[in-house]
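Have a look at the structure below, then the notes.
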Amino acid sequence: MQRSAQASAVSKSAGEPEAASDPNRQRRRERLLQIGTLVLLLAVWEFAARDANKLLVAVPSDIAVATWELLLNGELLSATLDSMSTFVLGFVIASIIGIVVGFAMGTNRTVEVILDPYINALYAMPLVALIPILMLWVGIGFLAKITIIILFAVFPVIINTVTGVKNVDRHYLDIGKAFMASRFMVYRQIIAPYALPYVASGLRIALGRGIIAMIVAEFLTSISGLGGLIINYTNAFETAKAFAPVLVVALLANALTVLVQKVEERFGRWRRR
Amino acid sequence: MPKLSVRNLTKRFPVSGGPSMTALDGVDLDVEEGEFIAFVGPSGCGKTTLLRIIQGLETATSGEIRIDGKPVTGPGHDRGFVFQQYGLLPWLTAAQNIGFALEAKGIPAARHGETTERVLATVGLKGFGDRFPHQLSGGMQQRVGIARALAIEPEIMLLDEPFGALDALTREILQNEMLGLTERMGKTILFVTHSVDEAVCLADRVVVMSPRPGRIREIVPIDIPRPRASLGEALRDTPEYVAKRHQLWTQLMDLV
């Protein structure tokens with residue numbers, strides 16, 4: 001976005017040097033364009049679906065009303081808390097396992113050789129296929145949901161951490177060696193900071209996959225949380241109410257991605273802008 | 001007894017699918033305490049490899065290195081290394097980069113602040129401790145690298161083309177500061193450079209190396225009296241400077 005703003009500012013400067021010299025104005029114009037498009041889309045949806053079967057299709061105004069209702073009776077909030085507590089726990093465990101295993105693989109060739117084929121295979125395969133078998137082992141409750149989230153989220157963290165750890169610039173390792181830094185110092189002050197951006201992008205991928213896992217788990221194991229609301233209201237043909245949890249999931253996924261980005265920026269402030 | 005002695009040092013690198021490459025072949029060198037030795041030579045002459053082996057960053061294929069008569073087998077706090085580029089950890093501030101070396105030497109954190117401030121002042125960077133490397137110019141980054149090496153109070157300083165990546169003006173300024181610094185401290189210094197001017201300016205002896213395989217071709221003493229720092233620009237007009245610069249140039253031209 002930043003880049004396109006610059007590019008259009010440059011192309012504009014030939015004819016209109018004054019307008020181009022104000023990047024704020026440019027940005028406001030672009031924001032307005034986006035909001036306008038959204039309003040237009042919602043309006044088209046509203047009018048096009050007006051005469052459709054209410055059981056099958058919901059219009060934006062119905063969804064807004066349904067969301068408001070579910071907010072007032074507390075259903076949406078309790079489902080969100082239910083989903084999020086499971087998700088956050090699963091995601092945190094997956095992150096810790098992913099970083100620890102990734103570090104071990106990245107720094108120890110033997111560990112890497114042993115684990116690498118399984119991790120790549122599991123990352124590539126559609127893990128949904130494992131869920132029915134998994135339910136035989138861990139049931140359909142909280143434990144099942146956590147396990148599914150971990151399974152979906154852990155591999156991108158491992159793979160990215162390994163990449164980061166293995167890519168550490170030789171120049172930086174030489175500094176540790178020349179000044180006789182201990183192994184621990186090398187891990188903590190050279191390898192870990194170097195690998196951090198890789199880990200962070202692994203976490204971002206894990207976040208998306210974890211949210212998918214959460215919804216899938218709520219669909220397939222014991223029906224609960226936001227996924228449960230979607231299933232239950234769709235089955236009851238209350239389509240507008242089924243949209244409310246979808247909206248929440250979309251907002252949460254985006255908010256969490258921004259959060260991970262902020263954390264990444266906080267730890268990456270040494271990097272050149 | 002020399003401060004540092006290098007005996008019959010040989011380094012061969014394996015080359016996949018061919019005979020190994022000899023980077024250093026039978027290098028012998030004695031360095032006295034407080035001496036400033038500069039290494040010059042065409043690329044591929046092994047001068048950086050020699051410095052890295054003395055620091056313990058690489059191991060020799062055969063041969064021996066002794067400091068104060070004791071054999072050297074790896075890195076040590078008795079040697080401080082200054083890298084050409086990428087010598088600072090970019091995620092640490094200048095002070096933290098120096099602190100890294102102090103921590104590695106086992107100096108308690110409580111004493112880091114005082115030492116860091118002192119060495120930063122020595123290289124003219126007082127008050128720049130909390131800057132990240134990318135907030136410093138190339139010349140300032142190299143000063144931090146020198147400050148870090150000074151911080152661990154080594155007996156020998158090893159500098160690998162420390163000013164090689166700098167612009168001409170910054171380079172000359174840092175050369176003059178280096179001259180003042182080394183003449184005040186009297187440390188033993190090994191300095192790799194590709195600049196003949198730099199070598200003649202700074203060194204007591206210039207080691208000329210030849211490539212394929214890396215060998216010492218000649219050791220040229222530079223008899224410009226010290227302290228040279230006070231001479232300023234006039235240093236480069238002294239007959240000894242002009243003569244030695246010419247002599248080294250001619251020798252290097254023959255090698256290329």
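Nothing in this text is a laboratory measurement; each read-out follows from the coordinates by a stated rule. This is a predicted model, so every value here is computed, not measured. Cβ placement follows ideal geometry from the backbone for every residue including glycine, while neighbour counts extend to all protein chains displayed.
Miscellaneous remarks
- The spacing between region B:8-24 and region B:107-177, judged by their C-alpha centroids, is 34 Å.
- For region B:56-115, the relative contact order comes to 21 percent (Cα pairs under 8 Å, sequence separation of at least 6).
- For the segment B:125-133, counting C-beta atoms of other chains within 10 Å of every residue's C-beta and taking the mean gives 1.
- Built amide H within the under 5 Å cut-off of B:F36, gap 5+: B:I189, B:D204, B:R205
- Value at 222 nm in deg cm²/dmol, rounded to 500, when DSSP H runs of n ≥ 4 in chain B each add -39,500 (n - 2.57): -10500 deg cm²/dmol
- Sequence-distant residues sharing a close amide H with B:Q84 (under 5 Å, placed H): B:D160
- Counting only other chain Cβ atoms within 10 Å of each residue's Cβ, the peptide B:82-90 averages 4.
- Chain A: DSSP helices with Cα axial extent of at least 24 Å and average Kyte-Doolittle hydropathy no lower than 1.0: A:75-107, A:142-166, A:192-220, A:239-267
- Intensity falloff of the protein assembly as shown expressed as log10 I(q)/I(0), Debye formula with alpha-carbon point scatterers, at q = 0.07, 0.10 Å⁻¹: -0.62, -0.94
- Estimated 222 nm signal from helices in chain A, with DSSP H stretches of n ≥ 4 weighted -39500 (n - 2.57), rounded to 500: -26500 deg cm²/dmol
- Cross-link reach list, aspartates and glutamates versus A:K145, counting only Cα pairs under 15 Å and skipping chain neighbours closer than eight places: A:D82, A:E218
- DSSP assigns beta bridges within region B:63-201; of those with both partners inside it, close to 20 percent run antiparallel.
- Exposure proxy order (Cβ contacts within 10 Å, fewest to most) of B:H134, B:H194, B:H112: B:H134, B:H194, B:H112
- The HN-Hα couplings worked out from phi for region B:60-71 by the Karplus form 6.51 cos²θ - 1.76 cosθ + 1.60 (θ = phi - 60°) are 7, 6, 7, x, 9, 10, 10, 10, 6, x, 9, x Hz, whole numbers, x standing for Gly and Pro.
- Residue exposure sequence - A:S61, B:S195 - by fewest surrounding Cβ within 10 Å: A:S61, B:S195
- Working from Cα pairs under 8 Å separated by at least six residues, relative contact order for chain A is 23 percent.
- Reachable lysines, given that their alpha-carbon falls under 19 Å from the alpha-carbon of B:K11 and they are not under 8 places away in the same chain: B:K47
- Highest-first arrangement of B:143-153, A:151-161, where packing means the average Cβ count within 10 Å: A:151-161, B:143-153
- For region B:215-225, Karplus couplings with θ = phi - 60° (6.51, -1.76, 1.60), whole Hz, Gly/Pro x: 9, 7, 8, 6, 10, 9, x, 10, 9, 6, x
- For region A:69-267, fraction of C-alpha pairs farther apart than 25 Å, in %: 45 percent
- Global geometry of chain B, whether rounded, prolate or oblate, following the gyration tensor of its Cα atoms and the 1.5 cut on a/c: oblate
- Qualifying lysines (Cα of each under 22 Å from Cα of A:K241; at least 8 residues distant if same chain): A:K54
- Of all DSSP beta bridges confined to the protein assembly as shown, the antiparallel ones make up roughly 55%.
- Nonlocal amide H pairs with B:L4, under 5 Å, H built at 1.01 Å: B:V31, B:D68
- 3J(HN,Hα) along region B:77-82: 6, 7, 10, x, 10, 10 Hz, from the Karplus curve 6.51 cos²θ - 1.76 cosθ + 1.60 with θ = phi - 60°, whole Hz, x for Gly and Pro.
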